[in-house]
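Report on one structure; see the data block that follows.
Read the figures in this text as sums done on the coordinates, not as results from a lab. If you're wondering where the values come from, they're calculated on a predicted model, not measured in any experiment. A quick note on method: Cβ atoms are made from the backbone with ideal geometry, for glycine too, and the neighbour counts reach across all protein chains shown.
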Amino acid sequence: MTAFDKDALEGLFKEVESTYAGNSEYERILRDVHLGVALVDAGQEEVGRIDPRAATVIKKHRPR
C-alpha cells in the first residue's frame, strides 16, 4: 500500500476544513483524521474506531 503523498494530504485536509470548520466537533474530527492517516501510512487496511466522518474523508483521498 502506498502512503499519502503531499497532494493527497492537502486535498484531504482542505476538504476537512471546508466541510467541518465551525462545527463544534471539528477538533475531534481533525484529530481522528490525523490518526487515520497515520494508520493508513503504517499499512493498516482499516482505520479502526475513528469518527465516521473522518473515515469517509480518508477513504475518499486514500492513495491507491
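Phi angles of region 39-55 translate, via the Karplus equation with coefficients 6.51, -1.76, 1.60 and θ = phi - 60°, into HN-Hα couplings of 5, 4, 5, 7, x, 7, 6, 9, 8, x, 8, 10, 3, x, 5, 5, 4 Hz per residue; Gly and Pro are given as x. Computed log10 I(q)/I(0) for the chain at 0.20, 0.22, 0.30 Å⁻¹: -0.69, -0.83, -1.44, from the Debye equation with unit scatterers placed on every C-alpha and solvent omitted. Across the options Thr56, Gly36, Leu9, the greatest Cα extent toward the positive end of the charge dipole of region 3-64 (unit charges at beta carbon of Lys, Arg, Asp, Glu) belongs to Thr56.
Sorting check: for 42-51, 6-15, 29-38, which peptide has the highest mean count of neighbouring beta carbons within 10 Å, and how do the rest follow? Let's see the in-between values first.
On the way: 42-51: 12.3, 6-15: 13.9, 29-38: 18.7.
Output ranking for 42-51, 6-15, 29-38: 29-38, 6-15, 42-51.
Taking the Cα atoms only, what angle lies between the long axis of helix 6-20 and the longest principal axis of the chain, rounded to 10 degrees? With both axes taken from Cα atoms, the answer is about 30 degrees.
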